[in-house]
Each structure stands twice: as C-alpha cells, then as structure tokens.
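Notes to accompany the following structure.
Computed from the coordinates by the stated procedures, all read-outs in this text should not be read as laboratory data. What you see is a predicted model, and the numbers here were worked out from it, not measured in a lab. Every residue, glycine as well, gets a Cβ built from its backbone with ideal geometry; the counts of neighbours run over all protein chains shown.
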Amino acid sequence: MAKHHVTTTINGEPVEFLCETQQTLLDVLRDELGLTGSKEGCASGDCGACSVTVDGRLVCSCLVLGVEAEGQSIETIEGMADGEKLHPLQQRFLEEAALQCGICTPGVLIAAKSLLEKNPDPTETEVRYWLAGNLCRCTGYDKIISSVLDVAADMKSA
Amino acid sequence: MNTIQFEKPGTVDEAVALLANGDANTRVLAGGTDLLVQLRAGMVTPSLIIDIKGIDEMRTVTEENGGFRIGGAVSGAELNENDAVKSAWPGVVEAFDLIGSTQIQGRCTLAGNLCNASPAADSVPAMIAAGMTCKIVGPNGTREAPVESIAISPGKTSLTKGEMIVSFFLPGQNANGGDAYLRFIPRTEMDIAVVGVGINLTLDDNGVCTAARVVLGAVAPTALVVADAANALIGTKVDDAAMEKLAAAASAACNPIDDKRGTIEFRTKVAGVIARRTAAIALDRARSN
C-alpha cells in the first residue's frame, strides 16, 4: 500500500507529509518533519514528553497516528515562542530554573499553556492534577508548578 | 513490519461493512489510547485500522427521552465539558475523567474503555450503575444491549464479527437519585484501579432508598453487579446498619486476582470500604437532587 498523503496545519503553517499507517504523529514530527522539540520518553502515553495539541486538545503525540493529522491543526513546542520572543511560560521556566535535563520541558510547557488557555487562574491543586501526565525526574515538580502559577498571576495583573 | 491498511469511513454503515469484511486482525481506532500502546508493544499486528472519528453520530452528545445519547467516540475531555450530563450524572463523568492524564482525556472514549474489556476500566462500573445501554450496529442490523453484557472476560467482548458500539444511552436521573464512583489507587492520580465502585441510588420523599445499583470493578474478571449490596440499601434510610451490610455484601462478592498492586485480601477488604464511601456520596447527591 502506498504511503498516506496527509495535509495538515502545524503551528499555523500548512504542511504536507507522507507516512505509513503505523507511524505515530510523534514519529512524523521528529523523523519526517525535523520537528524534534517533542520528545519520545515512554512511547506509551504515560510520560507526556511528546505532548502537543490537536485542534486545541492536549494529547500525547505518541498515541496519535500521523494519518490522523489530516485536516487538523497541530501545535508543537516549535510554535510556542513568537520568533525570538519567548512565551511567558518559557521565560519563567528559565528564570526560575524549572528544568534540569530538559527532556520533559517541551511537553510540560505545551501542557501548561493548554491549561492557562482553558483556566487562566488555576489553583496549585489544579495545576498539579493537570500536569500529572507530564513526568519529570529532575525537578521534583515544585519549580515547575510555581512557575506556572507565577505566569498565571502575571497574566491576571497584566 | 507488514503494511497496515487505514480507513476513515464517514458513516456507521461504511464502518460496519469494513469491519464485517475485514479479517481477525481488523481493529477499530477511537481514541487509540489502548490500541496504539498494543501496536507499539507488538501485542497486535492489525491488517486494517478503521478510524471511526469521522462518523458524526459517534462524536456527539444529544438529549434523548429525558436522558442522553452519547457517541461512542466522545472523549473524556468533551464529556467533562458537558454541563447537562455532568449535573445529572456526576458519577459517570467522574469515573470517565479518572482514566489517565489530561493528555489521555483528550483522546480516550467510553466505547474504547468498554471494548478494551479491562477488569479495572474506571468508566464501566459507573455506566452499569447508571443503567446505561449501548447501541450496537453490525451486519445484521442494530441492537441495544446493557453495558454489563459487553465485557465477558479480560480483553474479550460479546460483540460478534462486524459489530461495533456506536453510542450509549444514559437514561434520565430520577428526581431523588444520585450516583457516584470511587476507586482505590496507591497514589492520587494516573493509576489503574485496585478496586472501583459505582453506585446509583434513588430515595423516596421520606429519604428511604427505593432503588439502587452497586457495581464493583477490578475485583473480578469483569465488572460485577452486586444485587446483595443493592438490597442492603433498598428499604433503608442508608444508615450505618445498611452501610455495614453493603460493605459486607461488596466484600463477599469479590473474586479478585493477587498482584503487585493489591492482594486478594486487600482488594476484598477495600471493596467494602470503598463501597461505603461511594454510597455516602451518592446519598448526598440523591438528597440534594
């Protein structure tokens, strides 16, 4: 069977690619399109390192087939900064050292952005539960959670 | 790897024709949160994957006969945003919401959770307690079947070749009715139920329980409808004595496995404890309905 020809939108840009059925969206992003910001941790939907949004919905791209991207709008970590200008979450993560090795960071940032779009004023508990699917083995989470809460507070006072 | 065919039909009839003509390795793709893990682990090698998310009827929630018709491929996140369903059946929505992380919620579906046929499926005891039925379409037409008739053993369903679950019917909640679902897991989030309990009960104007459904998950090969546990509540004001009988009946019904997440003894004991706690929440909700 010929490869699937998929037409989709990634970070606002129209994109076309070819893929096999069994290739996940993460495989396509990384191996076909060179968008290696989304990481492969577990490849089974447990760690969240591959988090992207599909039509505004936060998902693990390792649990989405590439062919399912047809006609959808995908947002990845590569689309988070506005040119050289970092997203407030990215900026805060740097300032507050909310990362160490950085493997989980793209997924955490995408998930946190998705939270703040849905709930701009979350409680600490809400942030912790929302990010429960993003595993980090370095930070112990506190700096991640406080950075997200600080960005939410900044947005509120802005 | 062998080439896997992929189809995304736009109608139920097209999907059923593909399923009926496919071989034993044909798989339905809804949210993919089980299928893609199995695919990656080499547990399945599909010949054909049928993505049913292009079928409108499977993606929507509509009101029907005082209750709701919920498409089989509606995601956890979508149902959680439906205020009408959430206010009528908080237990069903909470049970569905307990499946996986925010990311998994963006994809997981009721039909997938049911057809994966895991004994620990969180949504299933709550769906059964609520008296939900499913609309099954196959080569021989359409039938409506109770949710409890679908899973027959771990990983196996009663669906015949070419059949699939298109949607669920969630009846209207009774005036003084309330439902709840609780599970025990060793942590607070992102885990698989060691014990799960779904309870739906109805009170009369004097606060006496007139009807109840008590369903246990993760303590037997399939979800268990425990009539003795329901009968412990019916005719009572769901007082301490009734709660004790409920807990004893729930524990007595258990037929669990022993594994790293819970021993037989632990699961059996905890089933009673969780049943009491679940009943207390359902009771509160019934009183305020």
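Mind giving me the FRET efficiency for B:Lys161 and B:Asp13? R0 is 22 Å, r the Cβ-Cβ distance, nearest 0.05 is fine. Taking R0 as 22 Å, the efficiency between B:Lys161 and B:Asp13 is 0.85.
For the range B:1-153, the Kirkwood radius over C-alpha pairs fed into Stokes-Einstein at 37 °C and 0.692 mPa s yields D = 204 µm² per second.
Computing FRET efficiency as 1/(1 + (r/R0)^6) for A:Glu126 and A:Asp55, where r is the C-beta to C-beta distance and R0 is 22 Å, gives about 0.45. For the pair A:Gln91 and B:Thr263, label points projected 7 Å from Cα toward Cβ lie 5.6 nm apart. Only beta bridges with both residues in the protein assembly as shown are counted; by DSSP, about 85 percent of them are antiparallel.
Output needed for the range B:6-82: three equivalent-ellipsoid semi-axes, defined as square roots of 5 times the C-alpha gyration tensor eigenvalues, in descending order, whole Å.
Sorted largest first and rounded, they come to 26, 16, 9 Å.
From Cα pairs below 8 angstrom and at least 6 apart in sequence, can you work out the relative contact order of the range B:58-170, rounded to a whole percent? Could you put the intermediate results ahead of the total?
On the way: 204 pairs, mean separation 32.0, N = 113.
Once normalised by length, the contact order is 28 percent.
If I take all pairs of Cα atoms in the range A:88-157, what percentage of them are more than 15 Å from each other?
Details: 1045 of 2415 pairs.
Within the range A:88-157, distances greater than 15 Å cover 43 percent of Cα pairs.
Here the Karplus relation 6.51 cos²θ - 1.76 cosθ + 1.60, evaluated at θ = phi - 60°, turns the backbone of the range B:179-193 into coupling constants of 10, 7, 9, 10, 9, 9, 9, x, 10, 9, 7, 6, 8, 9, 4 Hz, with x for every Gly and Pro. Taking Cα atoms only, the orientation of helix B:264-287 departs from the longest principal axis of chain B by about 80 degrees.
Which net charge results for the neighbourhood of A:Leu149, defined as the other residues with beta-carbon distances under 13 angstrom from its beta-carbon, given Lys and Arg at +1 and Asp and Glu at -1? Summing Lys/Arg as +1 and Asp/Glu as -1 gives -3.
Which number do you get for Rg(Cα) / (2.2 N^0.38 Å) in the range A:1-122? Walk me through the numbers before you get to the answer.
Numbers: Rg = 14.4 Å, N = 122, 2.2 N^0.38 = 13.7 Å.
Normalised Cα radius of gyration, the range A:1-122: 1.06.
The long axis of helix B:12-21 is offset from the longest Cα principal axis of chain B by roughly 70 degrees. Using every alpha carbon pair in the protein assembly as shown, what percent of pairs falls into each 20 Å bin from 0 up to the bin containing the largest distance? Percent of pairs per bin, in order: 25, 54, 21, 0.
Per-residue Karplus couplings for the range B:94-108, computed as 6.51 cos²θ - 1.76 cosθ + 1.60 with θ equal to phi - 60°, are listed in order as 5, 5, 4, 5, 6, 6, x, 8, 4, 4, 5, 4, x, 10, 5 Hz, Gly and Pro entered as x. With respect to chain B, whose longest principal axis is taken over its alpha-carbon atoms, helix B:240-253 is tilted by about 40°.
Quick one: pull the percentage of alpha-carbon pairs in the range B:5-51 with a separation above 12 Å.
Details: 636 of 1081 pairs.
So the pairs more than 12 Å apart make up 59 percent of the total in the range B:5-51.
B:Arg40: net charge of surrounding residues, Cβ under 14 Å, Lys/Arg +1, Asp/Glu -1, itself excluded? With Lys, Arg at +1 and Asp, Glu at -1, the net is -4.
Note on the range B:177-287: Cα-only Rg and Dmax are 13.4, 46 Å.
Normalised by the residues of chain A, what does the relative contact order come to in percent, with Cα pairs under 8 Å and at least six apart?
Values: 281 pairs, mean separation 36.3, N = 158.
Relative contact order here is 23 percent.
Largest first, the three principal axis extents of the alpha carbons in the range B:37-110 are 43, 25, 14 Å in whole numbers.
Suppose a student asked you for the relative contact order of chain B, using Cα pairs under 8 Å spaced at least 6 residues apart; what percent would you report? Write down the numbers at each step before the final one.
Working: 684 pairs, mean separation 46.1, N = 289.
Value for chain B: 16 percent.
On the principal axes of its alpha-carbon atoms, chain B has extents of 60, 44, 34 Å, going from largest to smallest. Taking each residue as 0.36 nm, the span from A:Asp154 to A:Gln100 lengthens on full extension beyond its C-alpha to C-alpha distance by 17.1 nm. Treating r as the C-beta distance of B:Ala145 and B:Val208 and R0 as 45 Å, the FRET efficiency rounds to 0.90.
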